[in-house]
1. Between a first residue in the range 22-38 that is closer than 18 Å to Asp319 by Cβ and without any contact (Cβ under 8 Å) to a residue 24 or more places away in the chain and a second residue that is hydroxyl-bearing (Ser, Thr, Tyr) and assigned to a helix (DSSP H, G or I), which pairs have beta carbons less than 7 Å apart while being 6 or more apart in sequence or on different chains?
2. Helices (runs of 4 or more DSSP H) wholly in the range 1-87 with at least 1 residues that are in contact with a strand residue (DSSP E or B) (Cβ under 9 Å, 6 or more places away or on another chain), at pLDDT below 90 and not acidic (Asp, Glu) - which ones?
3. What residue, of Thr299, Thr245, Thr281, is within 27 Å of Ala35 (Cβ to Cβ), polar (S, T, N, Q) and open to solvent by less than 10 Å² (accessible area, probe 1.4 Å)?
4. Assess whether Thr270 counts as being closer than 22 Å to Ser18 by Cβ, open to solvent by less than 50 Å² (accessible area, probe 1.4 Å), hydroxyl-bearing (Ser, Thr, Tyr) and under 22 Å from the mean Cα position of the chain (by Cα).
5. Return the residues of the range 64-80 that are aliphatic (A, V, I, L, M) and either within 16 Å of Ala363 (Cα to Cα) or touching a Ser or Thr at 6+ places or on another chain (Cβ under 8 Å) (or both); say none if nothing qualifies.
6. Return yes or no: is Arg303 free of Cβ contacts under 8 Å to residues at least 40 places away in the same chain, part of a helix (DSSP H, G or I) and of a type in the set (Lys, Arg)?
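The values are calculated or read from the model by the stated rules, or taken from the named source; none is laboratory data. Nothing here was measured: the structure is a model prediction, and the numbers come from that model. Reconstructed Cβ throughout: ideal geometry from the backbone, glycine too, with neighbour counts over all protein chains shown. Side chains are part of the model used for accessible areas, which takes the heavy atoms of the whole protein and leaves out ligands, DNA and RNA. Shrake-Rupley method; radii C 1.70, N 1.55, O 1.52, S 1.80 Å.
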Amino acid sequence: MRGVRYVIPAPVAPALLSPLAAAEDAVARLDERLASSPIRAGWVARTDFADACASIGLTGELVLAEDLVLHDAGMNVRAPTHELTQAHAILSARRRVASAKPAWALSASGFELLCGRAESSATAEDPDRRGKPGISGATRSTGSDADDDAALAEAFAAVDAALANAERALTETAPRRRDPLIYDTDHDEEAQLAQWRSIVEQTATLPPTLAAALAGDAWEALNPTPASWLGRLLPAALLRARGKTRTHLAALSVGLRAIPRERRRSPDQTTRLAAWLEALTAAANGGLKDHDRWLSARTVLMRKCEGRRSTSKLPALIDFVLSRPLVSAAMVAEELAVTPRAALDLIAELNLRETTGRGRYRAWGVL
């Protein structure tokens, strides 16, 4: 509502000291472990999938990690649902935040883009499109083909600029009207977003985990945008911007799934903040256990590569399997640039665990 205000408690409540210390320690230990881990990239990729599914789960919907992996690879076995599409949007946003500079998500341009209030075509601030081949990217052709591609790119860029200017002119001249049957007319989105950003600025002197907890709790209280999942992604970005997490993006949604809803939605602010801190601890401790389990699995699988040629694709397959909750033969074939038959042979050599148990749409993974 228009009159909603969020107040930061001046002194830190004694009840928060223990969960604050535990969260600071757990997050630091996980980040330090990942800094020198040989499976850091795979751990990050798998955690992104898990956190996207958990974020959808917090809204009361269900998205299976298997479906999200196949959808991300463009190999859906059925038509994607709305929840699956939303989970993939969360996954893309996590990757975008993790691949950008630490302070990008909380900057003016990053914040506007993540909130859907800016055009995503700005490659300078959009790390998903930076360096990828496209209309405005560098071409791989040479000679006359390169000249033709450059001319075509300039033509399309001019068209995009004209369309953007026209859309901007329309939005500036025509007042935005919202249907009162759909939108709450008393909800001032601009004011709530400004208040939330002000709260984040006020937490600059607080410990990083407490600042992240306050940012997440304030987002839940103010509800500035319909994208509630941003209230769990932006606090993780805040930890990264403050230097608390240098090698990973905290999986807050995974941690919050372990906290009872009664505590997360408690009318008492101290109880809610303690729940956020405990969620950070749960996510970090769970991440440590997953890391150690996957590292042990990699050690066992790498033994199968002993005595093989240096050109063997088994090490690449092992790293790829550890970076996804499951893989299919088509995914392996595309990743390793081999035929589907060769992919099946490589999977058989590793003796991976099959997760589907079906004749069609077979998939394998490492738990």
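1. Listed pairs, sorted by first residue: none to list.
2. Output list reads 65-72.
3. Matching residue, one of Thr299, Thr245, Thr281: Thr245.
4. no
5. Leu64, Ala65, Leu68, Val69, Leu70, Ala73, Met75, Val77 - these are the residues of the range 64-80 that are aliphatic (A, V, I, L, M) and either within 16 Å of Ala363 (Cα to Cα) or touching a Ser or Thr at 6+ places or on another chain (Cβ under 8 Å) (or both).
6. When the stated conditions are applied, Arg303 passes them.
Here is a yes/no grid of residues against (1) at pLDDT 85 or above; (2) closer than 17 Å to Lys313 by Cβ; (3) not in a strand (DSSP E or B):
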{"residue": "Pro325", "(1), (2), (3)": "yes, no, yes"}
{"residue": "Glu334", "(1), (2), (3)": "yes, yes, yes"}
{"residue": "Ala343", "(1), (2), (3)": "yes, yes, yes"}
{"residue": "Leu346", "(1), (2), (3)": "yes, yes, yes"}
{"residue": "Glu349", "(1), (2), (3)": "yes, yes, yes"}
{"residue": "Gly357", "(1), (2), (3)": "no, no, yes"}
{"residue": "Trp364", "(1), (2), (3)": "yes, yes, no"}
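Results for (1) loosely packed, with under 15 Cβ neighbours inside 10 Å; (2) hydroxyl-bearing (Ser, Thr, Tyr); (3) within 27 Å of Leu91 (Cα to Cα), shown as yes or no for each residue.
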position	(1), (2), (3)
Ile318	no, no, yes
Pro325	no, no, yes
Ala329	no, no, yes
Ala333	no, no, yes
Ala337	yes, no, yes
Ala342	no, no, no
Leu350	no, no, no
Arg353	yes, no, yes
